[in-house]
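A.B. asks: Sharing a structure with you now.
The values are calculated or read from the model by the stated rules, or taken from the named source; none is laboratory data. Just so we're clear, the structure is a prediction, and the values are computed from it rather than from any experiment. Methodologically, a virtual Cβ is constructed for each residue, glycine included, from the backbone with ideal geometry; neighbour enumeration extends over all protein chains shown.
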Amino acid sequence: LFPESNNYFDKEIEKGKSYEYFIRSHGVNGSVSELSSGVAAEPKITPPPPPARISAAASEKGILLKWDKPADDNIAKFFIYRYRRGKKQKKIAEASFDGKNEYLDTSAKKGELYFYYMTSVNKQNAESRAGREVGAIIK
């Protein structure tokens, strides 16, 4: 830390882990203090927002999902869930945050109506709430 700072923000924390922090000061004359007493912390990780403006469009190759590039630069990946009415939802894909912002579901069957929703996962592995649901059918 710089002499004019009196705080530290740890960006490398992981969900579910506990941390202990200590302080040692270094004087301008080269002196070094003893370590302070430790301070324990178990951070709360705030989940990211879900993907915005998700859309689904049917094609001959499958159902193409698209979404907006996230404003949060702490997003690591997206989970894509699919279900049919009356059936249990299932995570069908994990899309990396590579700037493509689309996924083609090639396992969708012709004539079936599918519903999708997505979640964002940040670099601390916290998952967002479900985003807006969209649906499509391959005719």
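A.B. asks: Report those strands (runs of 3 or more DSSP E) wholly inside segment 91-139 carrying at least 1 residues which are under 14 Å from the mean Cα position of the chain (by Cα), surrounded by 11 or more Cβ atoms within 10 Å (Cβ to Cβ) and at pLDDT 95 or above. Explain how you work it out, then say what you get.
C.D. replies: Working: elements: 102-105, 113-122, 134-137.
Those strands (runs of 3 or more DSSP E) span 113-122.
A.B. asks: Something else about it: Condition first: in contact with a strand residue (DSSP E or B) (Cβ under 6 Å, 6 or more places away or on another chain) and either basic (Lys, Arg) or free of Cβ contacts under 8 Å to residues at least 12 places away in the same chain (or both). Now tell me which residues in segment 91-111 satisfy that.
C.D. replies: LYS91
A.B. asks: Taking only segment 70-84 into account, find how many residues are under 11 Å from SER120 (Cα atoms) and either assigned to a loop (DSSP other than H, G, I, E, B) or free of Cβ contacts under 8 Å to residues at least 12 places away in the same chain (or both).
C.D. replies: The initial filter retains those residues of segment 70-84 that are under 11 Å from SER120 (Cα atoms), namely 70, 72, 74-80.
Still in the list and also either assigned to a loop (DSSP other than H, G, I, E, B) or free of Cβ contacts under 8 Å to residues at least 12 places away in the same chain (or both): 70, 72, 74.
Number of matching residues: 3.
A.B. asks: Any chance segment 13-36 includes a residue that's in contact with a strand residue (DSSP E or B) (Cβ under 7 Å, 6 or more places away or on another chain), assigned to a loop (DSSP other than H, G, I, E, B), in contact (Cβ under 8 Å) with a residue 24 or more places away in the chain and of a type outside the set (S, T, N, Q)? Write out each step before concluding.
C.D. replies: Here is the first cut: in segment 13-36, the ones in contact with a strand residue (DSSP E or B) (Cβ under 7 Å, 6 or more places away or on another chain) are 13, 18-21, 24, 26, 32.
Remaining after also requiring assigned to a loop (DSSP other than H, G, I, E, B): 13, 18, 24.
This time we only want the ones that are in contact (Cβ under 8 Å) with a residue 24 or more places away in the chain, so: 13, 18.
This time we only want the ones that are of a type outside the set (S, T, N, Q), so: 13.
Yes, segment 13-36 contains a residue that is in contact with a strand residue (DSSP E or B) (Cβ under 7 Å, 6 or more places away or on another chain), assigned to a loop (DSSP other than H, G, I, E, B), in contact (Cβ under 8 Å) with a residue 24 or more places away in the chain and of a type outside the set (S, T, N, Q).
A.B. asks: Among the hydrophobic types (A, V, I, L, M, F, W, C), assigned to a strand (DSSP E or B) and more than 29 Å from ASP10 (Cβ to Cβ): does that describe ALA56?
C.D. replies: Working: among the hydrophobic types (A, V, I, L, M, F, W, C): yes; assigned to a strand (DSSP E or B): yes; more than 29 Å from ASP10 (Cβ to Cβ): yes.
Yes, satisfied.
A.B. asks: Check GLY16, GLY86 and return the single one that is on the phi > 0 side of the Ramachandran plot and either among the hydrophobic types (A, V, I, L, M, F, W, C) or within 17 Å of the chain's Cα centre (by Cα) (or both). Give the derivation first.
C.D. replies: Values: GLY86 fails: either among the hydrophobic types (A, V, I, L, M, F, W, C) or within 17 Å of the chain's Cα centre (by Cα) (or both).
After ruling out the rest, the residue left standing is GLY16.
A.B. asks: Which of the residues that make up segment 33-53 are among the β-branched types (Val, Ile, Thr) and within 22 Å of the chain's Cα centre (by Cα)? Walk me through it before giving the result.
C.D. replies: As a first pass, look at segment 33-53 and keep what is among the β-branched types (Val, Ile, Thr): 39, 45-46.
Of everything in segment 33-53, those that are among the β-branched types (Val, Ile, Thr) and within 22 Å of the chain's Cα centre (by Cα) turn out to be ILE45, THR46.
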